[in-house]
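Report on one structure; see the data block that follows.
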């Protein structure tokens with residue numbers, strides 16, 4: 001019976017690969033059509049030509065084999081104190097003691113592991129007193145580049161690191177399996193590498209892990225324990241305000257998820273033979289959650305093509321190039337996440353374990369806590385993240401904060417205009433209260 005199951009598992013991924021290979025000639029044709037139209041500008045003077053170009057571009061984007069995007073954060077605008085020797089004509093804020101300057105940003109992989117790299121974004125002339133921030137990206141389908149806006153907004157006033165998780169189809173079987181214990185061990189290793197006084201932001205699913213991380217490291221009196229933790233839109237206690245995502249996890253057995261969604265990476269990939277929850281299934285689930293949105297987005301894209309609205313076209317392309325790039329998850333990690341976070345609620349029930357020992361949230365006493373939620377979040381609804389305040393009873397009241405951002409859904413918590421102008425400043429202010437270097441920074 002297991003042999004038959006293995007055959008079915010492999011066929012699922014093989015079918016996906018075959019469909020990608022089969023569509024390759026049509027992608028080439030679409031590319032040729034677009035190249036022809038670009039070389040014949042008069043063809044794009046007509047709506048029919050623009051529409052054809054739009055359909056060809058859509059087909060190329062929808063059928064290309066997922067490639068990990070780049071962060072492409074090469075420079076950033078920061079505020080610096082004015083130099084007395086400079087002429088006021090060159091200053092952008094006359095009358096203020098600060099001016100805006102553009103500085104280079106250097107992305108470096110500073111620590112490599114089998115399943116994840118630690119990436120550092122260093123600014124040109126990085127101020128050593130900038131608070132250190134580790135952003136924990138979720139392993140939930142997309143690459144860490146989904147948090148590009150999060151990273152970019154935090155760089156000006158912070159020394160930023162991020163977890164860059166790998167797609168399991170690219171991790172050889174020799175590396176072993178990956179589970180929640182491995183996840184927490186990686187985070188501990190990353191904090192040891194960065195050093196003391198790190199502020200840890202966790203976006204969505206790793207909000208659970210960051211709470212456990214703080215408890216484990218405080219309990220061990222680890223000098224590199226987080227200075228503060230900032231879970232954002234995470235399912236810390238899904239029972240507080242269940243969503244359709246939570247109800248799906250509750251309504252089926254773990255074996256159902258195993259039979260329905262797990263598959264084996266076929267030959268031709270570095271991770272050949274590894275059992276995974278493939279990104280293409282997760283992407284299908286994402287799209288099926290809100291098909292109307294994607295239909296309207298693609299219709300608007302074609303309209304923008306016809307109307308020569310380059311801003312709208314570029315915005316659509318940027319969003320979908322990221323959205324359609326997905327990674328595969330290890331089977332054990334996937335099943336443990338469903339079971340321990342969404343079915344048995346181990347953290348809020350006080351029964352979560354790390355390496356066989358119960359994670360005691362009462363140990364968190366010196367770590368500041370700020371929770372962030374989005375009013376319209378339909379994945380981790382308001383209340384699910386806030387629930388951690390009751391769970392961490394020994395954190396002093398003056399070291400706690402909660403912020404609910406009005407008018408945003410799940411992605412608006414960490415991306416978009418309200419993230420940049422409203423959420424991020426709240427986080428900056430909170431970090432400033434609990435970073436030992438901020439006082440030094442402000443006196444310079």
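Nothing in this text is a laboratory measurement; each read-out follows from the coordinates by a stated rule. Small disclaimer: the values here were computed from a predicted structure and weren't measured. Positions of Cβ are backbone-derived with ideal geometry, glycine not excepted, and every protein chain shown enters the neighbour counts.
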Counted neighbours (other Cβ, 10 Å), sorted fewest up, put 349, 153 in the order 349, 153
Along the Cα→Cβ direction, 7 angstrom out, place labels at residue 110 and residue 284. What is the inter-label distance in nm?
4.1 nm
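Got the relative contact order for segment 202-335 handy, in percent, Cα pairs under 8 Å and 6 or more residues apart?
So the answer I get is 20 percent.
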Mean separation of Cα pairs under 8 Å and 6+ residues apart, divided by the residue count of segment 260-381: what relative contact order is that in percent?
19 percent
Shape category assigned to segment 87-214 from the gyration tensor of Cα positions, a/c cut at 1.5:
prolate
As a test of the formula, what do you get for the chain when each DSSP H run with n ≥ 4 contributes -39,500 (n - 2.57) and the sum is divided by the residue count, at 222 nm and rounded to the nearest 500 deg cm²/dmol?
-12000 deg cm²/dmol
One can check that the equivalent ellipsoid of segment 340-394, built from the alpha-carbon gyration tensor with semi-axes equal to the square roots of five times its eigenvalues, has lengths in Å, largest first, of 22, 16, 8
Segment 157-171-segment 215-272 distance, computed between alpha-carbon centres (Å):
16 Å
I need two numbers for the chain: Rg to one decimal and Dmax as a whole number, Cα atoms only, in Å.
23.5, 80
Please give the peptides 358-370, 236-248 ranked by average Cβ packing (other Cβ atoms within 10 Å per residue), highest first, as a rough proxy for protection.
358-370, 236-248
Given segment 220-259, report the % of alpha carbon pairs whose separation exceeds 17 Å.
56 percent
Relative contact order %, the chain, counting alpha carbon pairs below 8 Å whose residues are six or more apart:
18 percent
Per-residue Cβ contact counts at 10 Å, fewest first, order 120, 389, 158 as 389, 120, 158
Fraction in percent of alpha-carbon pairs per bin - 5 Å, segment 202-245
5, 23, 25, 20, 13, 8, 4, 2, 0
Cα shape, segment 285-444, gyration tensor, a/c 1.5 rule
oblate
Here segment 153-210 gives, from Cα atoms, an Rg and Dmax in Å of 13.4, 40
Looking at the P(r) of segment 215-297, how many percent of alpha-carbon pairs lie beyond 19 Å?
65 percent
Based on the Kirkwood radius over alpha-carbon pairs, what is the Stokes-Einstein translational diffusion coefficient of segment 251-296 at 4 °C with 1.567 mPa s viscosity, in µm²/s?
104 µm²/s
Stretchable slack from residue 247 to residue 122, in nm (0.36 nm times residue separation minus alpha-carbon distance):
40.8 nm
Using only Cα atoms, what is the ratio of the radius of gyration of segment 294-373 to 2.2 N^0.38 Å?
1.88
Highest-first arrangement of 208-216, 305-313, where packing means the average Cβ count within 10 Å
208-216, 305-313
Stretchable slack from residue 360 to residue 64, in nm (0.36 nm times residue separation minus alpha-carbon distance):
102.0 nm
